[in-house]
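This report refers to the structure that appears directly beneath it.
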Amino acid sequence: MKDFQQIFGTEPETQASAPGRVNLLGEHTDYNDGFVLPTAIPQRTTVKLGFSKNAQHHFYSAELNQQVNISNNDPTPSGFASYIFGCIQLLQQEGYTIPPLNLHVTSQVPIGSGLSSSAALEVATLRGVRSLLNLDLDDVRIAQLGQQAEIQYAGVECGIMDQMASSLADTDHMLFLDTRTLERQVIAFPSGTEILVIDSGVPRTLAGSGYNQRRAECEEAARLLEVQALRDVSDPQAVEILPEPLKQRARHVITENNRVLEALQGVSAQRFGELMNASHASLRDDYEVSVTALDTLVAILQETPGVFGSRLTGAGFGGASVALVAFGQAKAIAQNVLKRYNDVGYTGRILVPASA
Ligand code: ADP
Ligand code: MG
């Protein structure tokens, strides 16, 4: 892995970092103006910066061992450079003058596993440029600019959760976020618990098309219910007038929002686990974004002593599970679960705790 000095021949002027995130409750709610409950994970993305000696920006990713050279007037690049280029372009649109930069990225956040390496890259980049040029940007603005970079430049229609979690959450708390008003609240984990995230080993192949279809279904359901967004409905009975599958889709969003609001009141570890289990059932049966491997992994987790609850996390169609487990037991539980998962023909991988 080449460091900043090896790539650019000088020492960096400054550096900044931002964490990945995992969402504990509130899945597929953020594009319905709803409620989410993510936490930051220990793995971070670090961006080191200096001033370019020529007219181009130079972006280097150590994980990809790739360098992209680009000037402000060039068309948007593809791949990892699009996220960084997007952040810089949006800062210019805010009225800041951004000189050509040397920018070096390293990361421990698993890329493309649903732990939001993309938001970590955007937030770390924006924090790095803020530090280099002393820009007057607060953490919420950074999250919003990161989201816009992802939508407008990387071409991913994401909600605001990932960037808000990366910009504002820490690893010791959950961040309740109202994605409509951006009202937020830092809340404690149920006492005596920690987080376990296991990758199912199944890539999220259908994630893009499935995600867009679910978004469209939710918009249609909101239109038929005559509300601005599904967040404006709290009674699950209201969906009964909808045709299938809009009825099931809306029911997931409404019950999921209610689960987040219940957790926000401060519930026991056991109750929090029950809410996670109910979330998984709803994602599997009503929202239909699970796959057999994830159902298998989550079922094994739910049966394992020391696990309060578990569900798929992220958009679904593959990806990772998250579980709330007894404090200090995550690694031992993971070994046990991975063995049973392996016995039925799958290969999983521990993502959090990081060193497991
Ligand atoms: P996730 O955010 O769940 O990890 P995404 O598909 O949203 O998955 O984002 C992954 C993309 O973000 C990568 O394909 C790459 O373009 C970019 N990316 C994230 N981290 C890095 C990194 N350390 N180096 C280069 N590109 C990165
Ligand atoms: Mg992402």
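The values are calculated or read from the model by the stated rules, or taken from the named source; none is laboratory data. Bear in mind that the values here come from a model prediction, so they are computed numbers and not experimental data. With ideal geometry, Cβ positions are generated from the backbone for all residues, glycine too; neighbour counts draw on all protein chains shown.
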Condition broken by V202, with the remaining ones in (1) in contact (Cβ under 8 Å) with a residue 24 or more places away in the chain; (2) in the same structural domain as V109 (by TED's automatic domain parsing); (3) more than 16 Å from ligand 2 (Cβ to nearest atom) satisfied: (2)
Among the listed residues A169, A154, A165, identify the single one that is assigned by TED's automatic domain parsing to the domain that holds Y83, farther than 25 Å from L294 by Cα, touching a helix residue (DSSP H, G or I) at 6+ places or on another chain (Cβ under 8 Å) and aliphatic (A, V, I, L, M). A154
Condition (residue is of a type in the set (K, R), buried (at least 17 other Cβ atoms within 10 Å of the Cβ) and either at pLDDT below 95 or more than 23 Å from G112 (Cβ to Cβ) (or both)) applied to segment 168-180: is it met by at least one residue? no
Which of the following residues is away from ligand 1 (no atom under 11 Å from the Cβ), out of contact with any Cys (no Cβ under 6 Å at 6 or more places or on another chain) and not in a strand (DSSP E or B): I84, I98, I111? I98
With within 16 Å of ligand 2 (Cβ to nearest atom) and surrounded by fewer than 24 Cβ atoms within 10 Å (Cβ to Cβ) as the only criterion, which of Q108, Q185, Q163 stands out? Q108
Of the residues L135, L103, which is outside any helix (DSSP H, G or I) and surrounded by 23 or more Cβ atoms within 10 Å (Cβ to Cβ)? L103
Scan segment 291-315 for residues that are surrounded by 22 or more Cβ atoms within 10 Å (Cβ to Cβ) and either of a type outside the set (D, E, K, R) or more than 16 Å from L24 (Cα to Cα) (or both) and report the count. 12
Output the residues belonging to segment 2-55 that are more than 26 Å from the chain's Cα centre (by Cα) and buried (at least 24 other Cβ atoms within 10 Å of the Cβ). none
Got at least one residue in segment 302-321 being small (G, A, S), in contact with a strand residue (DSSP E or B) (Cβ under 6 Å, 6 or more places away or on another chain) and in a helix (DSSP H, G or I)? no
Within segment 146-179, of all residues that are out of contact with any strand residue (DSSP E or B) (no Cβ under 9 Å at 6 or more places or on another chain) and assigned to a loop (DSSP other than H, G, I, E, B), the one farthest from V307 (Cα to Cα) is Y153
Give me the residue from segment 265-286 that is touching an Asp or Glu at 6+ places or on another chain (Cβ under 8 Å) and either part of a loop (DSSP other than H, G, I, E, B) or of a type in the set (A, V, I, L, M, F, W, C) (or both) and, out of that set, surrounded by the fewest Cβ atoms within 10 Å (Cβ to Cβ). L275
Are any residues in segment 111-147 away from ligand 2 (no atom under 11 Å from the Cβ) and under 15 Å from the mean Cα position of the chain (by Cα), and if so, which ones? V123, A124, A143, Q144
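Conditions tested, residue by residue: (1) without any contact (Cβ under 8 Å) to a residue 40 or more places away in the chain; (2) surrounded by 15 or more Cβ atoms within 10 Å (Cβ to Cβ); (3) under 28 Å from A188 (Cα atoms).
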{"position": "A229", "(1), (2), (3)": "no, yes, no"}
{"position": "Q237", "(1), (2), (3)": "yes, no, no"}
{"position": "T255", "(1), (2), (3)": "yes, yes, yes"}
{"position": "A263", "(1), (2), (3)": "no, yes, yes"}
